[in-house]
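The values are calculated or read from the model by the stated rules, or taken from the named source; none is laboratory data. Values in this document were obtained by computation on a predicted structure and should not be read as measured data. In this analysis, Cβ positions are derived from the backbone assuming ideal geometry, glycine residues included, and neighbour counts consider all displayed protein chains.
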Amino acid sequence: MKSGLRNIYTYTFFYSFLLLNPVWVLYLLAIGYSIFYVTILDVVFYLSIVLASIPMGRITDSIGRRNALFISSLLTGIGILFFGLFQTFIGIAISYVVWGVGVAINSTALESVTYEYSESHSLRYLQTIGVVNFLSALSVAIASLIGGYIGEYIGLRVVVVVTALVVLFSSIYTLRLKERKKVRTHGVLALKLGHYVRDRRILSIILLRVALLLNFNMMLIFKQPYYKEMGITTGLIGVIFFADVLLRGLASLGTQRFAFIAKNRFFAMLFFTSLTFFTIYIPGLIENVFSLVFLILNSVIFGFYSNILSEEVNALVPSEVRATVLSVIFLVSSLLTAFAEPFLGYSATVIGLEKTLLIFSAIFLFISTFAIFVHIMGKESGEFKLTLENKRGS
């Protein structure tokens, strides 16, 4: 394995080693916050991502992926450390701001550096990003297993602090990353963000990724209390999260092998969004082992299909604006999460988690259906096609 790829993989593993993954909501509940206030605090986190996404995407395109990932590790680690040290609403809100900016940088820089490394070394992107996401999922899975039991037998705050230290440690591996020299694309259109976002082909992919990321964010909030309502212990929740995240990683790892399933774009959109809808809807109807299987399947679909959409959007935009275009996806999904969480958190407090999942399944269905509608009705602009032809010819 080439050293550059090994460094990307190693960095991903340590940055993703989130021991707090299965217990962070439980930690907030334990220090006196209700699910509603947990979601209010999360609004701060996602608004931080919203406000940071476009500026950080542009900065990432300017300073390079390696420097951006280094800053991301520092900010994320410090934010998580603050999260474990502060208990007041203001203190946790500050930790979320720092943490959110770190995540905003990482979400675009890692995907960009992975695509560009694959392209420059004649590697299959789906295979490379599949391994990256598998290692990320494997890391979270192992950390979840350990974190659940540390939280149950030693303390929830210990889990948070140790997580921060591991994330800070990941910054060491960013210094070893190498990225190709920037090749400037000639022409004004290549540097116009709006030109790419307006293209219907890209817009439909962006909307689908937004729907999937919104689903991922909300499930991260609701799974822990949902399992608690089922009478599952904290340690066992860690085991469930281990299986959940590991299977998501295996689905990501197998993307290249099973990519033929998504060869027809319309069929893939219809199939995977419909299946995702039912993995939210069914647990809203019943609360037993059967619903647990659907919640895990929700993660598996995300692990596979998000890679497919990632390759499609990365292939359609040049390096100069790649991180910025990707930041739009995380901006919109974070903005929607910030709007949806307080509403759904209040709903979960008043009418229960099951009915809230039914409401959220309808929200997901609306966004994904709109994305499919954009794909059916829209065509890429002639200007965009001409730009691509010019790039190929140059």
Next item on the list: Hey, could you check the stretch 23-54 for residues that are small (Gly, Ala, Ser) and crowded, with 18+ Cβ neighbours inside 10 Å and say which is modelled with the highest pLDDT?
Entry: Ser48
Note to self: As an exercise: evaluate Ala338 against (1) under 23 Å from Pro225 (Cα atoms); (2) at pLDDT 80 or above; (3) surrounded by 14 or more Cβ atoms within 10 Å (Cβ to Cβ); (4) among the aliphatic types (A, V, I, L, M) and give the number of the one condition it does not meet.
What the structure shows: (2)
Check: If a residue has to be within 21 Å of Ile329 (Cβ to Cβ) and without any contact (Cβ under 8 Å) to a residue 40 or more places away in the chain to count, how many in the stretch 73-97 make the cut?
Finding: 1
Margin query: Being crowded, with 23+ Cβ neighbours inside 10 Å, touching a helix residue (DSSP H, G or I) at 6+ places or on another chain (Cβ under 7 Å) and modelled with pLDDT of 85 or more: is that true of Leu295 here?
Written below: no
Next item on the list: Scan the stretch 98-127 for residues that are of a type in the set (S, T, N, Q) and more than 17 Å from the chain's Cα centre (by Cα) and report the count.
Entry: 4
Next item on the list: Find the residue count for the stretch 174-210, including only residues that are modelled with pLDDT of 85 or more and of a type in the set (Phe, Trp, Tyr).
Entry: 0
Note to self: Being out of contact with any helix residue (DSSP H, G or I) (no Cβ under 8 Å at 6 or more places or on another chain) and either touching a residue at least 12 places away in the same chain (Cβ under 8 Å) or surrounded by fewer than 15 Cβ atoms within 10 Å (Cβ to Cβ) (or both) is the requirement here; does Phe260 meet it?
What the structure shows: yes
Checklist line | Complete set of residues in the stretch 95-134 that are closer than 23 Å to Ile78 by Cα and of a type outside the set (Val, Ile, Thr) | finding: Ser95, Tyr96, Trp99, Gly100, Gly102, Ala104, Asn106, Ser107, Ala109, Leu110, Glu111
Checklist line | Residue in the stretch 384-393 that is modelled with pLDDT of 80 or more, part of a helix (DSSP H, G or I) and surrounded by fewer than 20 Cβ atoms within 10 Å (Cβ to Cβ) present | finding: no
Checklist line | Contacts under 7 angstrom Cβ, first residue in the stretch 221-242 being in contact (Cβ under 8 Å) with a residue 12 or more places away in the chain, partner polar (S, T, N, Q), 6 or more apart | finding: Ile221/Thr39; Ile237/Gln224; Gly238/Ser144; Phe241/Asn21; Phe241/Ser144; Phe242/Ser144
Notebook entry, point to check: Within the stretch 115-170, which residues are over 28 Å from Leu236 (Cα atoms), in a helix (DSSP H, G or I), without any contact (Cβ under 8 Å) to a residue 40 or more places away in the chain and not acidic (Asp, Glu)?
Noted result: Ser118
Notebook entry, point to check: Of the residues Phe277, Phe242, Phe302, which is at pLDDT 95 or above, crowded, with 18+ Cβ neighbours inside 10 Å and in a helix (DSSP H, G or I)?
Noted result: Phe277
